[in-house]
Amino acid sequence: MLEALLVLGASMGAGAVPARAQGGSGTALAWHWLNPLPQGNSLAGVAYGNGLYVAVGDGGTILTSSTGSTWQTVASGTQEALNGITYGGGTFVAVGAGGVILTSSDGQSWSLV
């Protein structure tokens, strides 16, 4: 069984959509929305660190996944659009509209800087 993870979009304001494809050898891959199905907000960026994928987007959306297959919504503490995220030095940093900057060491608990 072939399997692939894809994050679409993220350029020129297009929202990113986590998706996964599965198919047998020699067959076309069938693409499926991943959980949450769909959560409704466009996503703008994704980062990986400390064994966790974190995606950010409109309305302060933050999604996390340890596998890339199942995603959970995490409270960000803001309604501002989050436009990007990175991971380094043991910290996730998300940035967004209105100068919003959020940090998290675990991807679950976020603090406004």
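Pull out a ≥ b ≥ c, the square roots of the eigenvalues of the alpha-carbon gyration tensor of the stretch 55-113, then state rounded if a/c is under 1.5, prolate if not and a/b is larger than b/c, and oblate in the remaining case.
Working: a/c = 1.80, a/b = 1.25, b/c = 1.44.
Oblate, since a/c reaches 1.5 and b/c is not below a/b.
How much length is gained on full extension from Thr86 to Thr73, taking 0.36 nm per residue of separation minus their Cα-Cα distance?
Values: separation 13, 0.36 × 13 = 4.68 nm, distance 1.78 nm.
This chain segment gains 2.9 nm when fully extended.
Rank Tyr53, Tyr48 by accessible area, highest first, at a 1.4 Å probe radius?
Tyr48, Tyr53
With a cut-off of 19 Å, note down the residues of the stretch 79-109 whose backbone N falls inside the zone around a label point 7 Å from the Cα of Asn50 toward its beta carbon.
84-95, 101-109
The values are calculated or read from the model by the stated rules, or taken from the named source; none is laboratory data. Here the structure is a predicted model, which means the values were calculated and not measured. So basically every Cβ, Gly included, is an ideal-geometry build from the backbone, and we count neighbours across all protein chains shown. Calculation scope for accessible area: heavy atoms of the full protein, side chains included, ligands and nucleic acids excluded. Shrake-Rupley method; radii C 1.70, N 1.55, O 1.52, S 1.80 Å.
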